[in-house]
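The values are calculated or read from the model by the stated rules, or taken from the named source; none is laboratory data. Everything quoted here is computed from the prediction, not taken from an experiment. Heads up, the Cβs are rebuilt from the backbone with ideal geometry, glycines too, and the neighbour counts pull from every protein chain shown.
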Amino acid sequence: MRFYRIPASITLAQGVLESGYGEGTLAKKANNHFGIKCHKGWKGKSITHDDDEKDECFRSYKNPLKSYRDHSLFLVDRDRYKDLFELKRKDYKGWARGLKAAGYATDPKYAEKLISLIRKI
């Protein structure tokens with residue numbers, strides 16, 4: 001949280017939601033706890049998985065820690081998320097809504113799901 005300036009609650013909630021509490025296919029087969037796709041320029045290992053489309057390319061990691069670190073870098077390094085870093089670190093609701101607005105996920109209820117998870121954790 002301190003190093004990347006991303007609320008820990010957001011990182012944990014996204015990891016839980018995206019990986020199905022670590023039980024999802026991407027988490028189990030690729031240590032990808034955030035559903036991060038390969039995107040242009042990805043040079044690391046990958047796995048194909050059906051998501052919005054069939055056989056999409058997703059990043060694969062050596063261990064969950066690498067997934068969590070890459071998730072932080074993914075947010076820090078992309079311009080579409082830069083406005084989030086103007087929010088207060090404890091503003092998890094703003095972060096959740098901002099992630100959805102910036103296009104992190106296609107689920108229309110993504111922000112509400114993150115907020116609900118954070119309240120439960």
query = Which one of Ile6, Ile10 is surrounded by 19 or more Cβ atoms within 10 Å (Cβ to Cβ), in a loop (DSSP other than H, G, I, E, B), of a type outside the set (Asp, Glu) and touching a Phe, Trp or Tyr at 6+ places or on another chain (Cβ under 9 Å)?
reply = Ile6
Residue tally, condition more than 24 Å from Glu112 (Cα to Cα) and loosely packed, with under 12 Cβ neighbours inside 10 Å, over the stretch 54-81 = 6
query = Quick one: which of Thr25, Thr48 is surrounded by fewer than 20 Cβ atoms within 10 Å (Cβ to Cβ) and either at pLDDT below 95 or closer than 21 Å to Leu117 by Cα (or both)?
reply = Thr25
ask   = Counting just the residues of the stretch 9-54 that are in contact (Cβ under 8 Å) with a residue 12 or more places away in the chain and among the charged types (D, E, K, R), which one comes out farthest from Tyr110 (Cα to Cα)?
value = Lys45
query = Any residue in the stretch 73-91 that is within 16 Å of Val16 (Cα to Cα) and at pLDDT 95 or above?
reply = no
key: Residue satisfying all of: in the stretch 82-105; touching a Phe, Trp or Tyr at 6+ places or on another chain (Cβ under 8 Å) and outside any loop (DSSP other than H, G, I, E, B); surrounded by the most Cβ atoms within 10 Å (Cβ to Cβ) among these   = Ala96
ask   = Taking the condition part of a loop (DSSP other than H, G, I, E, B) and either touching a residue at least 40 places away in the same chain (Cβ under 8 Å) or within 18 Å of Asp107 (Cα to Cα) (or both), does Tyr61 pass?
value = no
